[in-house]
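Enquirer: Before anything else, here's the structure in question.
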Amino acid sequence: MKKILAAAMFLLVPLAASAERADALKPVNIKYDKANSDLVTQNYVVTGNVIITRGTMVLKSDRAEVKEAPDGYHTFILTADPGKLATFRQKRDGGPDLWDEGQAQRIEYDERNDLVKLFSKAMIRQLEGQKVTQEMDNEFISYDNRKEVLVGRNDASGADKPGNGRGSITLQPRRTPAPAAGATPAGKQ
């Protein structure tokens, strides 16, 4: 019962704002040590200190596969060497210093559906400046940017397996504290 309730909570925890929409029309820049490119299939495999940028989005990993569909949408698959993690960071719409960031051993980003999946040692968080406002960790996390919905599961396959451990969500307070009883508001003395 507890696992069902926890799974339901994950489905109800939306992130506050979506990724920067302007990034979708920016060029994809890829830096790497080695590359294999198939221009016929539009499939690019890069290895060694990979850094992919597109506008405010920054993806880092040991290996990445970038596929471009005929209609121009991209799929990014990042994998980290054993003991390391792939990472992403992207500005969110809705304010000047709002960010999403995450890490996992494998990260898949489907641009067409604006869907990020994180596999094994997955963590995603929202920041306002340097302050973490929400954070989730699990073995698998799916983040639907359009619907603003996070799903967490306790197995890297995306399934929820009994006895496989638990995830966590941390929500920081958003309210400001009420004035203390008897306190006079500033400027009203």
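The values are calculated or read from the model by the stated rules, or taken from the named source; none is laboratory data. Computed from a prediction, not measured in an experiment: that's the story for all the values here. Here Cβ is always computed from backbone atoms with ideal geometry, including for glycine, and neighbour counts include all displayed protein chains. The area values use the complete protein model at the heavy-atom level, side chains included, leaving out ligands, DNA and RNA. Shrake-Rupley method; radii C 1.70, N 1.55, O 1.52, S 1.80 Å.
Enquirer: Given the pairs 31/121; 91/131; 67/91; 91/121, which span a C-alpha to C-alpha distance of over 18 angstrom in this model?
Expert: From 31/121; 91/131; 67/91; 91/121, over 18 Å: 31/121; 67/91; 91/121.
Enquirer: If you find the alpha carbon centre of region 50-69 and of region 101-133, how far apart are they in angstrom?
Expert: With region 50-69 and region 101-133 each reduced to a Cα centre, they are spaced 13 Å.
Enquirer: Now for a different question. For residue 61, what accessible area in Å² do you get when you roll a 1.4 Å probe over the heavy atoms of the protein chains, rounding to the nearest 10?
Expert: The accessible area of residue 61 comes to roughly 10 Å².
Enquirer: Length gain on complete extension for the stretch residue 73 to residue 115, per 0.36 nm per residue less the alpha carbon to alpha carbon distance? Don't skip to the answer; put the middle values down first.
Expert: Working: separation 42, 0.36 × 42 = 15.12 nm, distance 1.25 nm.
My answer for the length gained is 13.9 nm.
Enquirer: Right, here's the next one. Over all directions, what mean area does the Cα convex hull of region 72-127 project, stated in square nanometres?
Expert: The number I arrive at for region 72-127 is 4.4 nm².
Enquirer: Using a 1.4 Å probe and counting only protein heavy atoms, arrange 109, 44, 32, 143 so the residue with the most accessible area comes first.
Expert: So, going from the largest accessible area down, we get 32, 44, 109, 143.
Enquirer: Give me the net charge of residue 173's neighbourhood, meaning all other residues with Cβ under 13 Å from the Cβ of residue 173; Lys, Arg count +1, Asp, Glu -1.
Expert: Charge balance near residue 173 sits at +2.
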